[in-house]
Amino acid sequence: MLSLTRTFTSCSFSSSLCPSKLGHYALQRTRVAPISRKLVVRAARTESKGVSLGFRAPHFELLEPLTGKVWKLEDFESYPALLVMFICNHCPFVKHLKKDIVKLSNFYFKKGLAVVAISSNSVATHPQDGPDFMAEDATLYNYPFPYLYDESQDVARDFGAVCTPEFFLFKKDGRRPFELVYHGQFDDSRPSNNVRVTGRDLSIAIDRVLSGQPMVSAQKPSVGCSIKWHPEQ
């Protein structure tokens, strides 16, 4: 089986993993004194939509800026499930979850999940999301998954992705193509709603697909910044 685990300089995080009664992982954060002024996030809120469960994972062939390696969908064929995340560097909704996305990924790697992240934002409008900065972000946050650059934005269109973060969880059944079983949020936490990050929604979905249980059809859409399409489009 292809190993996706990376080795970077170790980082210290304030949250730690602990098993929950439901079987999925939970995050416990160090408590900090509340601040008097509420954080206001000024970003265009967009919800994931328009992709039906049962959708087959489209082919992709994308560069990983950190290593220079080109990754394809076929590289993950030996895994029972694949999580594809559309993220970026600058979006406050992604920043809010970055450390916890890493923790969730590390936890489920051990259970057989493959994970890949893709950035499709235009560097013409958002140069901070370009490949050099992607490589820096992958190192800074100790990403254990490939962080791929969708320069043409064709892969985002093929997946029907519209926001960051956006999560697509696929299951593999023998020789059949990956099939979409979850297209929803990480959890109820947002940058300014004071709800603790747990990863509950996504982790329950991962637990179900890895254990062969039926997926819940009611799924809350992911909320985040809109994907920044090239200006001429």
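The values are calculated or read from the model by the stated rules, or taken from the named source; none is laboratory data. None of the values given here were measured: they were computed from a predicted structure. Positions of Cβ are generated from backbone atoms using ideal geometry, with glycine treated the same way; all protein chains shown enter the neighbour counts. Areas reflect the complete protein model, heavy atoms only, side chains present, ligands, DNA and RNA absent. Shrake-Rupley method; radii C 1.70, N 1.55, O 1.52, S 1.80 Å.
The protection proxy used here, the mean number of other Cβ atoms lying within 10 Å of each residue, ranks peptides 153-160, 118-125, 54-61 as follows, highest first: 118-125, 153-160, 54-61. Convex hull of alpha carbon positions in the range 47-134: directionally averaged projected area 7.0 nm². A cut-off under 10 angstrom between Cβ atoms defines the neighbours of PHE86, and their net charge, with Lys, Arg +1 and Asp, Glu -1, is -2. In the range 146-192, the C-alpha radius of gyration followed by the widest Cα-Cα span (Dmax) gives 13.3, 43 angstrom.
Taken along its three principal axes, the alpha carbon spread of the range 184-225 comes to 35, 16, 15 Å, from the longest extent down to the shortest. Taking a straight line from the alpha carbon of LYS220, these lysines sit under 24 Å away, with near neighbours fewer than eight places off in the same chain left out: LYS21, LYS49, LYS95, LYS98, LYS99, LYS103, LYS171, LYS172, LYS228. Over the range 160-233, the hull volume per residue, using the convex hull of the C-alpha atoms, is 108 Å³. When Lys and Arg each count +1 and Asp and Glu each count -1, what net charge do the other residues less than 12 Å away from ALA156, Cβ to Cβ, add up to? Charge balance near ALA156 sits at -3. Take the Cα of GLU77, step 7 Å toward its Cβ, do the same at ARG196, and the gap between the two points is 4.4 nm. Across the range 65-205, Cα-Cα distances exceeding 28 Å account for 13% of all pairs.
Amide H contacts of LYS220 (H built 1.01 Å from N, in plane; Pro and chain starts excluded): GLN185 sit under 5 Å, all sequence-distant by 5 or more or on other chains.
Remark: the range 63-121 carries 31 Å² of accessible area per residue (probe radius 1.4 Å; ligands, DNA and RNA excluded).
If you model the range 42-97 as an ellipsoid using its alpha carbon gyration tensor, with each semi-axis the square root of five times an eigenvalue, the axes come out at 24, 19, 10 Å, biggest first.
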